[in-house]
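Structure, as structure tokens:
The values are calculated or read from the model by the stated rules, or taken from the named source; none is laboratory data. The model shown is predicted, which means the values in this text are computed figures rather than measured ones. A quick note on method: Cβ atoms are made from the backbone with ideal geometry, for glycine too, and the neighbour counts reach across all protein chains shown.
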Amino acid sequence: MSALTALPAWQALSQHRDTIESTHLRDLFAQDPSRAERYQLHAAGLFLDYAKNRINDDTIALLCQLARETGVEALRDAMFRGEVINNTEGRPVLHTALRYSGEGAIQAQGEDAAAEVRDTLKRMKAFVEAIHSQSWKGYDGDAFTDVVSIGIGGSFLGPKIMSEALRPYWRGDLRCHFVANIDGTALTEKLKKLDPKRTLILMSSKSFTTQETLTNTESARQWFLDSGAPESAIGQHFVAVSANVPAAEAFGIKAENVYPMWDWVGGRYSLWSAIGLPIALLVGFDHFEALLRGAEAMDTHFREAPLEQNMPALMGLLSLWYTNFFNSGSQVILTYDHYLRGLPAYVQQLDMESNGKGVNKEGEPMDCATGPVIWGGEGTNGQHAYHQLLHQGSGVIPADFILPLQSHNPLGRHHAMLASNCLAQTQALMQGKTQAEAEAELAGKGLDAGALTELARHKVMPGNKPSNTLLMDKLTPHTLGALVALYEHRTFVQGAVWGINSFDQWGVELGKVLGNAILDELESNQPKLDQDSSTANLIRMFRKGQIN
Ligand SMILES: O=P(O)(O)OC[C@H]1O[C@H](O)[C@H](O)[C@@H](O)[C@@H]1O
């Protein structure tokens, strides 16, 4: 047993689980009409109803005790102070400094992170306004109409998904196209519709070593030059965001066109930095700042609210409750808003890259599960597909339902219908359907008693499936910022309890190097093939371009 699983709170939760297991959520609601009032919370423009979780007051008390015994609050405060909590890379973790609007300093290894952020925001603002006012144009005097944003991982998902989420706020004078994959089809399909004279290329790579981003940017440069643009025009059309300014300059991007990133911001936490430039270009700098303020409001709540009333803490602890005490290997995020359809993929990277770890901070193997599989999609589409497994599958898959109360596109009864589906799903998962209810539904349909009982068995829903419901008045830059920061901190809380480093990603780094050795073999004519027989055979086929 590890120090973690031996903790009094962990042991108490293991026993408490049996109490909870013996009571159906339906009965918990029947026994306590005030349940919804007791298990709800407001923070930073968001409302969380967590009453449909398999909990009672003891569960919350024990989960908060576990957080205290594992030092979650102390680690949170150390993160905000800029201490080196990413121990394997020797770095502070300061994405919260990116949205800090106070005047004070935030020390990050001898530098004032807050001052650097302020300077960079000023530069970003000037750049965005120059593009919008058309004081910065293409080399032939044309205003920019299109931006191609090249980046992958955290340098892609945040800008793309948040831009989509803020579509109602787009200015309308610029389009943005995102290219991440090394698959040449991704870039080719985007570029073939564009006019190089009116296109700005924005490449984002914190490390400036990522194969996909470097190769796509080189190919985009070639496309630009092949169109007849002079080499001297590169400076007007290519901008980079990177923590590695010398490498960006060596690549040919003018120093004044390189916007900084810092070691103390993880890729998956970087959309609030210059990595978010595509968002600012699309929606304007005021809305980008509102996004930062929403995240900052959630930071303040996370920092100040006691654990029992702390939205990210409670969501993180509830997630851990199911992962570690109910063996739920996955969690689903269901957004009932078309603009938020990308959020599950965003949280997937955020959570799985952060908490997909098998050893703790000391490098010792974990003896309990860590990061669950995160997946999901937009409602109501999923209801016609994978919700079947949520309702009648054999495991427990906790769900987060996310619903803005007002639509940006009020259209007849659409929004009420959308909301009714969202609420009905949470209710159906909680209540389920008993054998007696299923039989009652089938009565009068002409079935004999035996057939009726048998068919009813297939229609039984066990219920007792937990969910959170997150509401906001409307999806705005502010509420979006708060929502994303909520998931960041929820991820943090789980990693802190587990005692893992949520801020490195050695498994993903492996992919950055593994491909290179095989690439040499694929492009070579030498029959060297120092590989296992399966890989060698596949390489031979690629060289021939034929499967026979
Ligand atoms: O921004 P870059 O340095 O190009 O990195 C892009 C991505 O690379 C890796 O896959 C990392 O694990 C991600 O966290 C990162 O966002």
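Condition check: without any contact (Cβ under 8 Å) to a residue 60 or more places away in the chain and under 30 Å from Gln505 (Cβ atoms). Does Gly90 satisfy that? Yes: the conditions hold for Gly90.
Residues that are surrounded by fewer than 18 Cβ atoms within 10 Å (Cβ to Cβ) and part of a helix (DSSP H, G or I) occur in segment 321-340; there is at least one. Taking segment 178-193 as the range and being surrounded by 18 or more Cβ atoms within 10 Å (Cβ to Cβ) and more than 15 Å from the ligand (Cβ to nearest atom) as the test, the residues that pass are Leu187, Lys190, Leu191. Among the residues of segment 167-226, the ones that are more than 25 Å from Trp262 (Cβ to Cβ) and either part of a loop (DSSP other than H, G, I, E, B) or in the same structural domain as Asp337 (by the TED database) (or both) come to 12 in all. For segment 483-537, the set of residues classified as among the basic types (Lys, Arg), assigned to a helix (DSSP H, G or I) and either surrounded by fewer than 19 Cβ atoms within 10 Å (Cβ to Cβ) or not assigned by the TED database to the domain that holds Asp400 (or both) consists of Lys512 only.
For Thr434, the stated conditions hold: it is among the β-branched types (Val, Ile, Thr) and surrounded by 15 or more Cβ atoms within 10 Å (Cβ to Cβ).
If you go through segment 279-300 one residue at a time, do you hit one that is touching a helix residue (DSSP H, G or I) at 6+ places or on another chain (Cβ under 6 Å), on the phi < 0 side of the Ramachandran plot and of a type in the set (Ser, Thr, Tyr)? No; the residues of segment 279-300 include none that is touching a helix residue (DSSP H, G or I) at 6+ places or on another chain (Cβ under 6 Å), on the phi < 0 side of the Ramachandran plot and of a type in the set (Ser, Thr, Tyr). For Gly511, the conditions (1) away from the ligand (no atom under 16 Å from the Cβ); (2) within 23 Å of Gln349 (Cβ to Cβ) are fulfilled apart from (1).
Here is a yes/no grid of residues against (1) within 10 Å of the ligand (Cβ to nearest atom); (2) over 18 Å from Ala115 (Cα atoms); (3) more than 27 Å from the chain's Cα centre (by Cα):
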position: Thr209; (1), (2), (3): yes, yes, no
position: Arg221; (1), (2), (3): no, yes, yes
position: Phe251; (1), (2), (3): no, yes, yes
position: Trp262; (1), (2), (3): no, no, no
position: Tyr269; (1), (2), (3): yes, yes, no
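Among the residues of segment 141-176, how many are touching a residue at least 60 places away in the same chain (Cβ under 8 Å), among the charged types (D, E, K, R) and more than 16 Å from the ligand (Cβ to nearest atom)?
Count: 3.
Taking segment 15-32, which residues are surrounded by 13 or more Cβ atoms within 10 Å (Cβ to Cβ) and either of a type outside the set (S, T, N, Q) or under 32 Å from the mean Cα position of the chain (by Cα) (or both)?
Filtering segment 15-32 down to residues surrounded by 13 or more Cβ atoms within 10 Å (Cβ to Cβ) leaves 16-17, 20, 23-26, 28-29, 32.
Scanning segment 15-32 gives His16, Arg17, Ile20, His24, Leu25, Arg26, Leu28, Phe29, Asp32.
Of the helices (runs of 4 or more DSSP H) lying entirely inside segment 385-465, those carrying at least 3 residues that are among the small types (Gly, Ala, Ser) are 414-431, 435-442, 449-459. Taking the stated definitions as given, is Tyr259 out of contact with any Phe, Trp or Tyr (no Cβ under 7 Å at 6 or more places or on another chain) and not in a helix (DSSP H, G or I)? Yes, satisfied.
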